[in-house]
Amino acid sequence: MGGAAPHRMSARCIMVLGTSSGAGKSWLTTALCRHYARQGLKVAPFKAQNMSNNARVVASAQGLGEVGAAQYFQALAARAEPDVRMNPLLLKPEADTRSQVVLLGQVSQALSETPWRGRSEKVWPQIAGALDELMAENDVVVIEGAGSPAEINLMDSDIVNLRVARHAHARCLLVTDIDRGGAFAHLYGTWALLPAEDQQRIRGFVLNKFRGDASLLAPAPALLEQLTGVPTVAVLPMWWHHGLPEEDGVFNDRSRTAGAVQKTVAVIAYPRISNLDEFQPLRNVPGVRLLWVRSPSDLAGLGAADWVVLPGSKHTSADLAWLRQQGLDAAISRHAQQGGAVLGICGGLQMLGEALTDTHGIDGNAPGLGLLPLVTQFEPQKTVTRTEACFGSVQGAWSALSGVQAMGYEIHHGQTQGHPAMLAAGAVLHEVVPGLAWQNGDGQVLGTYLHGLFESPAVLKALFGQQAPTLDSVFDGLADYIEGHFSPAVLDGLVGQDGPTTAEA
């Protein structure tokens, strides 16, 4: 597949491959990061290419940059400082056939305009270089694959699965979602489509999301091992409440926190939703019910939702048009007029204003929902920064935030300010954090550019009078879980000392 120069390896590399998207690669990679960190090893995560609109602001050679949220959390699980090398290529979908390409934390317009298959050789040197640096600096690198390594239509341009495994001489686990059915066929079919040299890299099969009597699996694991030479090393029971933020999935009622519902939070699920992982702390707060809404009937079906949240969006004007097509614009306005609380975050904030103006072709022009007298101008320069802010005097439904210190991050092209003509005509607007958060006259509607608001313990304490479990406790729970279902010999064997100490891509 072409190659980079030989390099010296110091780290042992473990790679989690999947039979499909959603098989469980991300959470298993996170759990392995914490497990090996608890063994006193220096650990880093890695995913060569991630396609997600969930991103975080982390360190980069150019100051700050974007990285996939999954790798951000994996770094924290590994007790490592997140940086862009852990996810050197991030694709942020803007439409069904178009993505913004982020290379080593920075948006690349040239790569964004390059056809999919034409990108591989352009970006592989940077991907290989980032992986080499992490291997040189760590004892263990836990690598996450993408989709399936057996997507034979993509193998010639692969830069995230087999090419990475070869470069790192990784020892691989292949995980499948048994809850979907057909798990043994998925495992065997994936293995069978791999080149022989790559079949040898698979050290174990993992059955994820199992429900029922594990004894009923026999004799399938033994027969599968006879066919492939690969043992089934773990059967992981279905676990609804592990507490790790979602990668790209959606919440559902079955996965919410147990206990009596005290507050219902409805999140508008438009097509280009982004940064949904920031709502995980709400799912972890006892008594909070967090649900998606895609239509007015969804919102009406909740009864009296306490909050309606407009989350971030990778394409604000398009999602705003979708919202109007569903009739959700009127439903959201009605909710606010009837005394319900409305929160807009980043793209959601922009939607709440009076207008979106775009003279540079960044996102598109559109009338806003008119719930805040604001106007947003899209600029070519993207704001990517970590932010610490203190709320001033906050009114109405959000008054508990008054004086609260919050930490988070910003990722946006839009620049927002009060609408001059509306303010001159007497419209009321409270700027509760300068340049960052605003609310309307009666205090029911609040908009902010601050992502990660609910990850601040002080914010949760102010709004709910209690805390969610810390991320650190979530990571320890994941490690405890796999340690209870993998044998120690398997986990130790993945970082054992047999095998090559150099690799050549």
Residues that are open to solvent by 10 Å² or more (accessible area, probe 1.4 Å) and either in contact with a His (Cβ under 6 Å, 6 or more places away or on another chain) or in a helix (DSSP H, G or I) (or both), drawn from segment 169-179
178, 179
Among the residues of segment 35-47, is there at least one that is open to solvent by less than 10 Å² (accessible area, probe 1.4 Å), touching a Leu at 6+ places or on another chain (Cβ under 8 Å) and part of a strand (DSSP E or B)?
yes
Taking residue 218 as meeting all but one of (1) in contact (Cβ under 8 Å) with a residue 24 or more places away in the chain; (2) more than 24 Å from residue 126 (Cβ to Cβ); (3) out of contact with any helix residue (DSSP H, G or I) (no Cβ under 8 Å at 6 or more places or on another chain), write down the number of the exception.
(1)
Could you please find all residues in segment 117-133 being in contact (Cβ under 8 Å) with a residue 40 or more places away in the chain and among the small types (Gly, Ala, Ser)?
128, 129, 130
Segment 369-392, residues that are modelled with pLDDT under 95 and either of a type in the set (S, T, N, Q) or in contact with a helix residue (DSSP H, G or I) (Cβ under 6 Å, 6 or more places away or on another chain) (or both):
381, 383, 385, 387
Only one of 344, 348 is open to solvent by less than 10 Å² (accessible area, probe 1.4 Å), in a strand (DSSP E or B) and closer than 30 Å to residue 108 by Cα; which?
344
Got a number for residues in segment 348-364 being closer than 14 Å to residue 323 by Cβ and among the polar types (S, T, N, Q)?
1
For segment 22-34, what are the residues that are open to solvent by 10 Å² or more (accessible area, probe 1.4 Å), part of a helix (DSSP H, G or I) and either out of contact with any Gly (no Cβ under 6 Å at 6 or more places or on another chain) or without any contact (Cβ under 8 Å) to a residue 12 or more places away in the chain (or both)?
26, 27
Select from segment 418-437 the residues that are open to solvent by 20 Å² or more (accessible area, probe 1.4 Å) and either in contact with a helix residue (DSSP H, G or I) (Cβ under 9 Å, 6 or more places away or on another chain) or assigned to a loop (DSSP other than H, G, I, E, B) (or both) and list them in ascending order.
419, 425, 426, 427, 428, 429, 434, 435
Which ones in segment 402-417 are within 14 Å of residue 436 (Cα to Cα) and either part of a helix (DSSP H, G or I) or of a type in the set (Gly, Ala, Ser) (or both)?
406, 408, 414
Mind counting the residues in segment 134-155 that are touching a residue at least 12 places away in the same chain (Cβ under 8 Å), under 24 Å from the mean Cα position of the chain (by Cα) and either more than 21 Å from residue 70 (Cα to Cα) or open to solvent by 20 Å² or more (accessible area, probe 1.4 Å) (or both)?
2
Just give me the residues in segment 72-114 being part of a loop (DSSP other than H, G, I, E, B), more than 15 Å from residue 159 (Cα to Cα) and either open to solvent by 30 Å² or more (accessible area, probe 1.4 Å) or in contact with a strand residue (DSSP E or B) (Cβ under 6 Å, 6 or more places away or on another chain) (or both), in sequence order.
78, 79, 80, 81, 82, 96, 97, 105, 108, 113
If the Cβ limit is 6 Å and pairs must be 6+ apart or interchain, which residue in segment 342-371 that is more than 21 Å from residue 275 (Cβ to Cβ) and touching a residue at least 24 places away in the same chain (Cβ under 8 Å) pairs with which residue that is outside any loop (DSSP other than H, G, I, E, B) and open to solvent by 20 Å² or more (accessible area, probe 1.4 Å)?
354/375; 355/367; 355/375; 365/357
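Let's see how each residue does on (1) part of a helix (DSSP H, G or I); (2) open to solvent by 50 Å² or more (accessible area, probe 1.4 Å); (3) in contact with a Ser or Thr (Cβ under 6 Å, 6 or more places away or on another chain); (4) at pLDDT below 95:
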site: 167; (1), (2), (3), (4): yes, no, no, no
site: 205; (1), (2), (3), (4): no, no, yes, no
site: 223; (1), (2), (3), (4): yes, yes, no, no
site: 227; (1), (2), (3), (4): yes, yes, no, no
site: 230; (1), (2), (3), (4): no, no, no, no
Just one listed residue, out of 449, 481, 409, is of a type outside the set (A, V, I, L, M), under 30 Å from residue 204 (Cβ atoms) and surrounded by 13 or more Cβ atoms within 10 Å (Cβ to Cβ), and it is 481
Can you name every residue in segment 455-471 that is without any contact (Cβ under 8 Å) to a residue 40 or more places away in the chain and among the charged types (D, E, K, R)?
461
Tell me which residues, restricted to segment 207-221, are aliphatic (A, V, I, L, M) and either in a helix (DSSP H, G or I) or more than 19 Å from residue 491 (Cα to Cα) (or both).
214, 216, 217, 218, 220
For segment 161-175, state whether one or more residues are closer than 22 Å to residue 53 by Cβ and of a type outside the set (Phe, Trp, Tyr).
yes
Can you tell me how many residues in segment 259-285 are surrounded by fewer than 22 Cβ atoms within 10 Å (Cβ to Cβ) and among the charged types (D, E, K, R)?
3
Go through the residues of segment 317-324 one by one and say whether even a single one is closer than 20 Å to residue 349 by Cα, in a loop (DSSP other than H, G, I, E, B) and open to solvent by 20 Å² or more (accessible area, probe 1.4 Å).
no
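The values are calculated or read from the model by the stated rules, or taken from the named source; none is laboratory data. The structure presented is a predicted model; accordingly, all values stated were derived computationally and were not measured. Cβ atoms come from the backbone with ideal geometry, glycine included; neighbour counts cover every protein chain shown. Side chains included, ligands, DNA and RNA excluded: accessible areas come from the protein's heavy atoms. Shrake-Rupley method; radii C 1.70, N 1.55, O 1.52, S 1.80 Å.
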